[in-house]
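First up is the structure itself, then whatever we jot down about it.
The values are calculated or read from the model by the stated rules, or taken from the named source; none is laboratory data. Model, not experiment: these values are computed from the prediction. Glycine also receives a Cβ, built like all others from the backbone with ideal geometry; neighbour counts cover every protein chain displayed.
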Amino acid sequence: MSKILLIEDDRSIADMISIYLSEEDYQVHWAADGRQGKELFHSVGPDVIMLDVMLPDMNGIELCRELRSQSQVPIMMISAKSEVSERVKALVIGADDYLCKPFSMRELAARTGALLRRSTMVKAPAAEADAVSAGGQSIKVDIEKRCIYLQNHPVETTFSEFEIMRHFWLHPGKVFSREELLNKIRGIDTFVTERSVDVHITNLRKKVEVDPKEPKHIKTVWGVGYKFEL
């Protein structure tokens, strides 16, 4: 049974989410504030975190940043703020999904399932590849361990960032449209925007490129999308 850590100060919303997800065979652990959320994060070891942006004792965005620095567990931000800038901010600091209130329980469950599928995918050993060097920089993507190595040092990524890099790595030179990348990292039935892909690409470039403004590996194909060159 997958464990969900729900950090939400509104008791009525928390109860509704807990009841619905419990019926979907999830084990839900509820925290009413950020402090309790951090305690449960360490004691429970959740498979997915659902985190409200507005908490009584701290900013949910900052808590997301803190949790992301400690773990790669999928994080879904929940908020009444629907502005694009808020969604982008959450993605930039490491969130994997962003759901605006009010939302349907079916959509919440579908997005939770999508996050879990991505985080528990079975990797084929054949997908591992030797490191490649370009511009004096060695890059390796270990599909089985879900890790990117730069100069033999692991690079921290979100699930979405890694999924994009995985598809690039397995198909060097292939041009992916933003829509294709969206479908691969979110699932066809989950609502996201093309701006999400741009944010993840920007973050990946900062992590693997010598000069993110003049990328040598993750290239923009104007009018189409992106491709990865070895």
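When the strands (runs of 3 or more DSSP E) confined to the stretch 111-230 are screened for residues that are hydroxyl-bearing (Ser, Thr, Tyr), at pLDDT below 80 and over 13 Å from the mean Cα position of the chain (by Cα), those reaching at least 1 such residues are found at 132-134, 137-142. Evaluate the following for ALA90: is it part of a helix (DSSP H, G or I) and touching a Cys at 6+ places or on another chain (Cβ under 8 Å)? Yes. Scan the stretch 51-73 and give yes if some residue there is at pLDDT 90 or above and hydroxyl-bearing (Ser, Thr, Tyr), otherwise no. No, the conditions are met nowhere in the stretch 51-73.
Which one is nearest to SER85 (Cα to Cα), of the residues in the stretch 203-230 that are β-branched (Val, Ile, Thr) and surrounded by 13 or more Cβ atoms within 10 Å (Cβ to Cβ)? Full working, then the answer.
Restricting attention to the stretch 203-230, the residues satisfying the condition of being β-branched (Val, Ile, Thr) are 208, 210, 218, 220-221, 224.
If we keep only those that are surrounded by 13 or more Cβ atoms within 10 Å (Cβ to Cβ) as well, we get 208, 210, 218, 220.
Values: VAL208: 25, VAL210: 27, ILE218: 24, THR220: 23 Å.
Ranking the candidates gives THR220 first.
Surrounded by 23 or more Cβ atoms within 10 Å (Cβ to Cβ), under 18 Å from GLU161 (Cβ atoms), in the same structural domain as ASP15 (by TED's automatic domain parsing) and of a type in the set (Val, Ile, Thr), is that true of ILE93? Show your work before the answer.
On the way: surrounded by 23 or more Cβ atoms within 10 Å (Cβ to Cβ): no; under 18 Å from GLU161 (Cβ atoms): yes; in the same structural domain as ASP15 (by TED's automatic domain parsing): yes; of a type in the set (Val, Ile, Thr): yes.
For ILE93, the condition - surrounded by 23 or more Cβ atoms within 10 Å (Cβ to Cβ), under 18 Å from GLU161 (Cβ atoms), in the same structural domain as ASP15 (by TED's automatic domain parsing) and of a type in the set (Val, Ile, Thr) - is not met.
When each of GLU156, GLU161 is tested for being touching a Leu at 6+ places or on another chain (Cβ under 6 Å) and within 18 Å of LYS206 (Cβ to Cβ), the lone residue that passes is GLU161.
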